[in-house]
Amino acid sequence: MNDLTTKGDLQPWQWPEKHWRGIVDKVRAGRSLKPAAWKGGARCAVTLSFDSDHETGTLREGEDSPGKLSQGQYGNRAGIPRILNLLERHNLKASFFVPAVAAMLYPDEQRRVVAEGHEIGIHGWIHERNSILPPENERDLQFRAGDTLEKISGQRPVGIRTPSWDFSQQTLAISREMGLLYDSSLMADDEPYELVEDGKATGMVELPVEWIRDDAVYFNMNRFSAHRPYTPPTSVLEIFKREFDGAYRENGLFLLTMHPHIIGHRSRVSLLEELIEYMHGHPGVWFATHAEVARYVKAEAGL
């Protein structure tokens with residue numbers, strides 16, 4: 001057992017201060033990396049991302065249902081083409097976080113993503129849950145995932161988004177060992193910040209996510225569970241607009257997480273296009289990939 005997550009047979013309310021502080025302090029948000037101004041004098045940065053999970057969300061559960069697998073395949077067959085065409089129409093570059101198994105299932109997709117100027121990032125091996133993996137297995141899978149994405153796409157990933165944003169006590173150390181530029185899995189701020197491990201600044205950038213700015217929480221569907229897409233696209237668009245408005249008002253970062261098998265449906269990709277047009281209607285917005293944002297804020301901070 002990891003000493004950071006257990007203390008014998010004690011309950012959390014019985015833990016000594018040293019123990020719970022060790023858990024809290026393992027990975028923390030350090031200094032803000034929000035720049036005084038964004039690239040080119042822009043007042044707001046927008047970075048769009050797509051987690052190309054495809055069939056791995058089903059496979060990681062050990063399931064073999066063709067019905068569930070077909071929901072993931074939709075991301076490749078219909079979602080990705082619509083998304084890439086939309087980005088091309090608006091001359092935008094985005095970041096795609098891809099499980100290695102999804103990349104192996106659809107190598108041509110990854111090559112097209114890179115050929116069109118987008119970023120490929122690590123998203124686990126088979127969309128595994130990091131927090132339940134033995135440390136040596138998590139490390140092996142993350143390293144192999146990075147190597148697989150590079151081999152298939154021709155682009156070496158510089159960033160990671162952990163599957164389901166599941167971040168273990170070892171994840172940061174593994175990412176640092178890989179020499180990654182940034183992580184995009186944690187939620188301590190709206191703005192970029194430097195990651196701190198065991199009380200020490202790491203120089204690694206965090207581009208924070210949030211469930212509010214994720215399409216899955218509004219649109220996920222599982223007929224055997226309580227997951228039902230109760231929220232209409234117009235309401236999701238309103239939420240995303242308000243999040244962008246706040247970032248624009250505060251001269252900050254607007255980071256949006258989407259999934260090709262979710263946002264790629266006709267009634268939903270149209271809300272993404274309307275959101276893009278809305279943001280384009282504001283002067284001084286810098287659209288960039290996650291890697292571009294991370295490099296910019298790191299350079300501005302002198303890291």
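Key figures for this structure:
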{"quantity": "Radius, Kirkwood style, for the stretch 160-303 when every pair of distinct Cα atoms is counted (Å)", "calculated": "16.7"}
{"quantity": "Sites residue 77 and residue 115 - FRET efficiency at Förster radius 30 Å, r taken between beta-carbons, to 0.05", "calculated": "0.95"}
{"quantity": "Where labels lie 7 Å past Cα in the beta-carbon direction, separation of residue 245 and residue 11 in nm", "calculated": "4.6"}
{"quantity": "Compactness of the chain - radius of gyration and Dmax, Cα, Å", "calculated": "19.2, 59"}
{"quantity": "Proxy reagent accessibility, fewest Cβ within 10 Å first, across 244, 96", "calculated": "244, 96"}
{"quantity": "The stretch 95-242 - Rg and Dmax from Cα coordinates, angstrom", "calculated": "16.3, 46"}
{"quantity": "HN-Hα J in Hz across the stretch 90-100 - Karplus 6.51, -1.76, 1.60, θ = phi - 60°, x for Gly and Pro", "calculated": "9, 6, 10, 10, 9, 10, 10, 9, 10, x, 4"}
{"quantity": "Gained length - residue 137 relative to residue 303, 0.36 nm times residue gap less alpha-carbon distance", "calculated": "56.7 nm"}
{"quantity": "Cβ-based charge dipole, the chain, positive-most Cα from 133, 258, 72", "calculated": "258"}
{"quantity": "Summed residue charge, Cβ within 12 Å of residue 113's Cβ, Lys/Arg positive, Asp/Glu negative", "calculated": "-2"}
{"quantity": "Relative contact order for the chain, counting Cα pairs under 8 Å that sit 6 or more residues apart, in percent", "calculated": "28"}
{"quantity": "Ranked packing of 59-66, 100-107, 130-137, most packed first, by mean Cβ within 10 Å", "calculated": "100-107, 130-137, 59-66"}
{"quantity": "Separation of alpha-carbon centers, the stretch 10-24 and the stretch 131-200, rounded to whole Å", "calculated": "26"}
{"quantity": "Dipole-positive endmost among 233, 152, 294 within the chain (Cβ charges, Cα centre)", "calculated": "233"}
{"quantity": "Of all DSSP beta bridges in the stretch 35-300, antiparallel share, percent nearest 5", "calculated": "15"}
{"quantity": "Exceeding the 22 Å Cα-Cα cut-off - candidates 26/93; 18/200; 39/298; 151/200; 68/151", "calculated": "26/93; 151/200; 68/151"}
{"quantity": "Contact order normalised by residue count of the stretch 126-182, Cα under 8 Å, 6+ apart, percent", "calculated": "45"}
{"quantity": "Square roots of five times the Cα gyration tensor eigenvalues for the stretch 1-159, Å", "calculated": "34, 25, 14"}
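Laboratory data are not the source of any read-out in this text; all were calculated from the coordinates shown. This one's a predicted model, so the numbers in the text were calculated from it and none came from an experiment. Methodologically, a virtual Cβ is constructed for each residue, glycine included, from the backbone with ideal geometry; neighbour enumeration extends over all protein chains shown.
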